[in-house]
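Please read the structure below before turning to the comments.
Every number here is computed from the coordinates shown, using simple stated rules; none is lab data. Nothing here was measured: the structure is a model prediction, and the numbers come from that model. Methodologically, a virtual Cβ is constructed for each residue, glycine included, from the backbone with ideal geometry; neighbour enumeration extends over all protein chains shown.
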Amino acid sequence: MITVQQLHPLFMGEIGNIDLRQPLDKDTVDALSDGINKHAVLVFHDQFIDDEQQQQFSRNFGDLETTVRAYRRDFVPRLDVHMADISNLDENNRVLPANDRRRLNALGNRLWHSDSSFKRVPARFSLLSARTIPAEGGETQFADMRAAWDAMPDKMKARVEGMICEHTQLYSRGKIGFTDWSEEERVKMAPVPQLMVRTHPGSGRKSIFLSSHAGRIRGMEEPEARMLLLDLTEFATQPQFVYTHVWKVGDLVMWDNRCTMHRAREYDETQVRDLHRTTVSDGRPTVPEELAA
Ligand code: OGA
Ligand code: MN
């Protein structure tokens, strides 16, 4: 049987007694599902898995997303289409130069976000496995959006309930001054609607669904929407809601994007940081078709 130890007063479960290289039986998958429903983020240590094993493990929890590839035609991916490349490496495993467009784009991961909230069908789970990590820095922080919701004043809860936000990477990258997109890319990155408040099916808990990709709120002037999103994000990422994961090679962290946000922290980018992510799709949009238009 797996063991679960909570790492933070609100969330974060550390899982022991498991080998993710092996196929898992139903009881173990169920126990992990219960674990993530309760803890929102699961941490596994000493899992020296390859991409194939990571994909197999991830598929226990749903269908995998394919990564947003080539926004540019000449882009050569380093990893399989089911793996998001969370590294500072090029297709030949060399550290990206400081001015490389891929590196500058990836800096957007240092803003609090929920994965793929810029897709009509956003991510359910992300699973991130550490293959090489720098000597210091490069931590990943997680924030519990259920706890943030619970702590919000009733007046604010009533105000934001039912709001529909619009998410696109144009907003998140724009926030750090990254605007180097072709017209074709801009068209592909048209905003998608997402509910601001979601109920988590596995726990029945409500959470605030925020992300750096959110930039508009339906029916609201843009500056007012932006300010509200900034205020909500500041509230939801107060230290009491945040856990900092310090990576070791062999760690795998699995998080629920429906009820957490995360961000990367700075490190010396002359050193290699190589993590591989699989992403389980949530399967359906947060805003049904009839309300989307
Ligand atoms: C991700 C991500 C943060 C990090 O993998 O989705 O945002 O610390 N990673 O690299
Ligand atoms: Mn992310």
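With the condition being under 30 Å from Q53 (Cβ atoms) and hydrophobic (A, V, I, L, M, F, W, C), I'd like the strands (runs of 3 or more DSSP E) fully within segment 117-218 carrying at least 2 qualifying residues. Steps first, please.
Working: elements: 123-132, 140-144, 164-167, 192-195, 197-199, 206-208, 214-217.
Counting at least 2 such residues, we get 123-132, 140-144.
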Requested in this report: Would you check if A151 is over 22 Å from S58 (Cβ atoms), more than 11 Å from ligand 1 (Cβ to nearest atom) and surrounded by fewer than 24 Cβ atoms within 10 Å (Cβ to Cβ)?
Outcome: yes
Scanning segment 196-230 for residues that are more than 16 Å from T168 (Cα to Cα) and over 20 Å from the mean Cα position of the chain (by Cα) gives G204, G219, M220, E221, P223, E224, M227, L228
Considering segment 97-116, residues that are in a loop (DSSP other than H, G, I, E, B) and in contact (Cβ under 8 Å) with a residue 60 or more places away in the chain, and then whichever is farthest from ligand 2 (Cβ to nearest atom), we arrive at A98
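So is D85 over 30 Å from E289 (Cβ atoms), within 16 Å of ligand 2 (Cβ to nearest atom), in contact with a Ser or Thr (Cβ under 8 Å, 6 or more places away or on another chain) and among the charged types (D, E, K, R) or not? Walk me through how you get there before you give the answer.
Values: over 30 Å from E289 (Cβ atoms): yes; within 16 Å of ligand 2 (Cβ to nearest atom): yes; in contact with a Ser or Thr (Cβ under 8 Å, 6 or more places away or on another chain): yes; among the charged types (D, E, K, R): yes.
Spelling it out, D85 is indeed over 30 Å from E289 (Cβ atoms), within 16 Å of ligand 2 (Cβ to nearest atom), in contact with a Ser or Thr (Cβ under 8 Å, 6 or more places away or on another chain) and among the charged types (D, E, K, R).
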If we keep only residues of segment 133-148 that are among the small types (G, A, S) and within 16 Å of ligand 2 (Cβ to nearest atom), then the residue nearest to the chain's Cα centre (by Cα) is A143
Checking the structure you have, find out if any residue of segment 240-260 is over 22 Å from E91 (Cα atoms), in contact with a Lys or Arg (Cβ under 7 Å, 6 or more places away or on another chain) and surrounded by fewer than 20 Cβ atoms within 10 Å (Cβ to Cβ).
no
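Taking P193 as the residue in question, decide whether it is under 18 Å from the mean Cα position of the chain (by Cα) and either surrounded by fewer than 17 Cβ atoms within 10 Å (Cβ to Cβ) or touching a residue at least 24 places away in the same chain (Cβ under 8 Å) (or both). Don't jump to the end; show me each part of the working.
Numbers: under 18 Å from the mean Cα position of the chain (by Cα): yes; either surrounded by fewer than 17 Cβ atoms within 10 Å (Cβ to Cβ) or touching a residue at least 24 places away in the same chain (Cβ under 8 Å) (or both): yes.
Yes, satisfied.
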Of (1) more than 27 Å from D231 (Cβ to Cβ); (2) among the hydroxyl-bearing types (S, T, Y); (3) surrounded by 14 or more Cβ atoms within 10 Å (Cβ to Cβ), S182 fails just (3)
Picked from segment 1-22 (must be under 22 Å from the mean Cα position of the chain (by Cα) and assigned to a loop (DSSP other than H, G, I, E, B)), the residue surrounded by the most Cβ atoms within 10 Å (Cβ to Cβ) is F11
